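*Asks:* Quick one: structure below, then a few questions.
The values are calculated or read from the model by the stated rules, or taken from the named source; none is laboratory data. As the structure is a prediction and not an experimental result, all values here were calculated from the model. Positions of Cβ are backbone-derived with ideal geometry, glycine not excepted, and every protein chain shown enters the neighbour counts.
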């Protein structure tokens, strides 16, 4: 089986070819299907990975990983491919992987937004936030539009000498630009105006506007939870699930009620984010928040990334909240534990600690940037930070191009470190899948109680860490059905007592059992349920029993009477 490549990011054609090859090589483990089409008509691939010899995916607890909803965040696609490859090659040799595929199902969407990533990975790239569909504009507006002006395959920065510029060269390292002092005048040094690399539409020779992007959609603001219109949330689109990529994902999740967990792969910051985006932690049922934190602790142990609340620790603006995010919708509407992983932290690699994920990007000491630059220069001299070089801009005249290569060294993991960075996250996905509920038959007994009469006793067990409902939110939202048990009577058989079809409620897990000192622990056998029937049927006939739960799986048995 061809391994994942870590020396480049996959184009759409390479991604498709790789998935199709894996599906052909391991047809009993991987099924490949299209969830629908992107705005430009590309297939959105879903890889379903499970051992079909132990049952179909829909009859097992499922776990979904979705990647690359944002155009330039292609690290997530590689991480998703690593997970699929890990599962396919580990089944039969790795006990944890084997157990996971024998008893659970993985749904992996390596690239939800294939159109945007094709633009980002082009020979002359353009960097979009997300979708290529024009919104809310119809035509591009006047002003500066980012693009690879000099054709070197990178979109960097342009610095233009300007006596009124807001930037000057840092004393500590003149390659870096730092904010100009509040009282510095034009006579105090050489100052620059800093612009993204690009061209100016309808330039008048003096003024440079920063127009809204023509492709202004953010697909991760288009989900139904707390969705807000464009005036409240930039990039939200005209209505929830208006975009084909988001609609395909939402439909895929709704069509798979066996999903018990979800991770979205993004970049960057080196952090695991949990809901809510728009509500503080008091909004959670107590048990759900506790379970989120416990799962997050394991995520940190395995990956080294902290696990934090979006609302409390990852706001873009302290007075604004993010609306319409995928993880909020998956948890709040469906009652499934949902996370967003932001891969990669150059700051942490350089030894920085105790910085705010968002506020640091707005303002930080020059010493921090020097530390990061030195760390990069030791490994990729002249590549992560490009020394400024002269360029004759078609509109601005003489400028210098250079600065940070954000796409290749900040927004994504450098290739030399890519495999090491994504590998632990496959282990976290395995862990998260394996804490799901799992329905098992504890006891099945048949006892003759009269001529042609049989007592059938079935004890079902949830052997998983999470309850069958997964979260309290799922019960509050009525998003999950109870355990259902149904008999198939033999020909000529008759049910004397019990119900042919029974609803047996929910079965607890072990998640709440944290300390033997807590007198509120429920030590009852609430993880089990016992059902009994009396059946009249000829000796030797067969009785079918099916127990099913949307999120905990299916148990089938056929018993001989007598």
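*Asks:* Looking at (1) surrounded by fewer than 17 Cβ atoms within 10 Å (Cβ to Cβ); (2) modelled with pLDDT under 95; (3) more than 30 Å from residue 254 (Cβ to Cβ), which is the one condition that is false for residue 136?
*Replies:* Result: residue 136 passes all but (3).
*Asks:* Touching a strand residue (DSSP E or B) at 6+ places or on another chain (Cβ under 9 Å), outside any loop (DSSP other than H, G, I, E, B) and buried (at least 18 other Cβ atoms within 10 Å of the Cβ), is that true of residue 402?
*Replies:* Answer is yes for this residue.
*Asks:* Okay, moving on. Condition check: crowded, with 17+ Cβ neighbours inside 10 Å, assigned to a helix (DSSP H, G or I) and out of contact with any strand residue (DSSP E or B) (no Cβ under 6 Å at 6 or more places or on another chain). Does residue 312 satisfy that?
*Replies:* no
*Asks:* Of all residues being touching a helix residue (DSSP H, G or I) at 6+ places or on another chain (Cβ under 7 Å) and part of a loop (DSSP other than H, G, I, E, B) in the range 263-293, which is nearest to residue 253 (Cα to Cα)? Just the residue, please.
*Replies:* Going through the qualifying residues, I end up with 275.
*Asks:* Report, by residue number, each residue of the range 347-371 that is assigned to a helix (DSSP H, G or I) and under 19 Å from residue 300 (Cβ atoms).
*Replies:* 347, 348, 349
*Asks:* OK, next. Can you name the number of the only condition in (1) surrounded by fewer than 19 Cβ atoms within 10 Å (Cβ to Cβ); (2) in the same structural domain as residue 244 (by TED's automatic domain parsing); (3) under 18 Å from residue 97 (Cα atoms) that residue 1 fails?
*Replies:* Evaluating residue 1 over (1) surrounded by fewer than 19 Cβ atoms within 10 Å (Cβ to Cβ); (2) in the same structural domain as residue 244 (by TED's automatic domain parsing); (3) under 18 Å from residue 97 (Cα atoms) leaves (2) as the failure.
*Asks:* Give the number of residues within the range 46-57 that are out of contact with any strand residue (DSSP E or B) (no Cβ under 6 Å at 6 or more places or on another chain) and crowded, with 18+ Cβ neighbours inside 10 Å.
*Replies:* Within the range 46-57, residues that are out of contact with any strand residue (DSSP E or B) (no Cβ under 6 Å at 6 or more places or on another chain) and crowded, with 18+ Cβ neighbours inside 10 Å number 1.
*Asks:* Let me ask something else. Name the residue, out of 388, 329, 339, 360, that is crowded, with 18+ Cβ neighbours inside 10 Å, under 18 Å from residue 178 (Cα atoms) and outside the structural domain of residue 473 (by TED's automatic domain parsing). Give the steps one after another, and end with the answer.
*Replies:* Numbers: 329 fails: under 18 Å from residue 178 (Cα atoms); 339 fails: under 18 Å from residue 178 (Cα atoms); 360 fails: crowded, with 18+ Cβ neighbours inside 10 Å.
On inspection, the qualifying residue turns out to be 388.
*Asks:* Considering every residue within the range 137-159, establish whether at least one is touching a helix residue (DSSP H, G or I) at 6+ places or on another chain (Cβ under 8 Å), under 26 Å from residue 81 (Cβ atoms), assigned by TED's automatic domain parsing to the domain that holds residue 207 and in contact (Cβ under 8 Å) with a residue 60 or more places away in the chain.
*Replies:* yes
*Asks:* Look through the range 242-259, keep the residues that are touching a residue at least 60 places away in the same chain (Cβ under 8 Å) and farther than 25 Å from residue 71 by Cα, and return whichever of them is nearest to the chain's Cα centre (by Cα).
*Replies:* Across the range 242-259, the extreme among qualifying residues is 259.
*Asks:* For the range 210-241, which residues satisfy the criterion of being in contact with a strand residue (DSSP E or B) (Cβ under 6 Å, 6 or more places away or on another chain) and at pLDDT 95 or above?
*Replies:* Within the range 210-241, 217 is the sole residue that qualifies.
*Asks:* Among (1) touching a residue at least 40 places away in the same chain (Cβ under 8 Å); (2) touching a helix residue (DSSP H, G or I) at 6+ places or on another chain (Cβ under 6 Å); (3) part of a helix (DSSP H, G or I), there is one condition residue 413 misses while meeting the rest; what is its number?
*Replies:* (3)
*Asks:* Evaluate the following for residue 179: is it loosely packed, with under 14 Cβ neighbours inside 10 Å and either closer than 21 Å to residue 149 by Cβ or touching a strand residue (DSSP E or B) at 6+ places or on another chain (Cβ under 9 Å) (or both)?
*Replies:* Working: loosely packed, with under 14 Cβ neighbours inside 10 Å: yes; either closer than 21 Å to residue 149 by Cβ or touching a strand residue (DSSP E or B) at 6+ places or on another chain (Cβ under 9 Å) (or both): yes.
Answer is yes for this residue.
*Asks:* Answer yes if at least one residue in the range 264-280 is farther than 23 Å from residue 348 by Cβ, out of contact with any strand residue (DSSP E or B) (no Cβ under 7 Å at 6 or more places or on another chain) and surrounded by fewer than 17 Cβ atoms within 10 Å (Cβ to Cβ), and no otherwise.
*Replies:* There is at least one residue in the range 264-280 that is farther than 23 Å from residue 348 by Cβ, out of contact with any strand residue (DSSP E or B) (no Cβ under 7 Å at 6 or more places or on another chain) and surrounded by fewer than 17 Cβ atoms within 10 Å (Cβ to Cβ).
*Asks:* In addition: Of all the residues that make up the range 152-169, how many are under 26 Å from residue 371 (Cα atoms) and surrounded by fewer than 16 Cβ atoms within 10 Å (Cβ to Cβ)?
*Replies:* Count: 1.
*Asks:* Also: Against the conditions (1) assigned by TED's automatic domain parsing to the domain that holds residue 55; (2) out of contact with any helix residue (DSSP H, G or I) (no Cβ under 7 Å at 6 or more places or on another chain), where does residue 429 fall short? Just the number, please.
*Replies:* Of everything listed in (1) assigned by TED's automatic domain parsing to the domain that holds residue 55; (2) out of contact with any helix residue (DSSP H, G or I) (no Cβ under 7 Å at 6 or more places or on another chain), residue 429 misses just condition (2).
*Asks:* Among the candidates 237, 205, 228, single out the residue that is buried (at least 21 other Cβ atoms within 10 Å of the Cβ) and either more than 15 Å from the chain's Cα centre (by Cα) or under 22 Å from residue 330 (Cα atoms) (or both).
*Replies:* Just a single option satisfies the conditions, and that option is 237.
*Asks:* Okay, next question. Looking at the range 237-262, which of its residues are assigned to a loop (DSSP other than H, G, I, E, B) and at negative phi?
*Replies:* The initial filter retains those residues of the range 237-262 that are assigned to a loop (DSSP other than H, G, I, E, B), namely 237-243, 255-258.
Correct list: 238, 239, 240, 242, 243, 255, 256, 257, 258.
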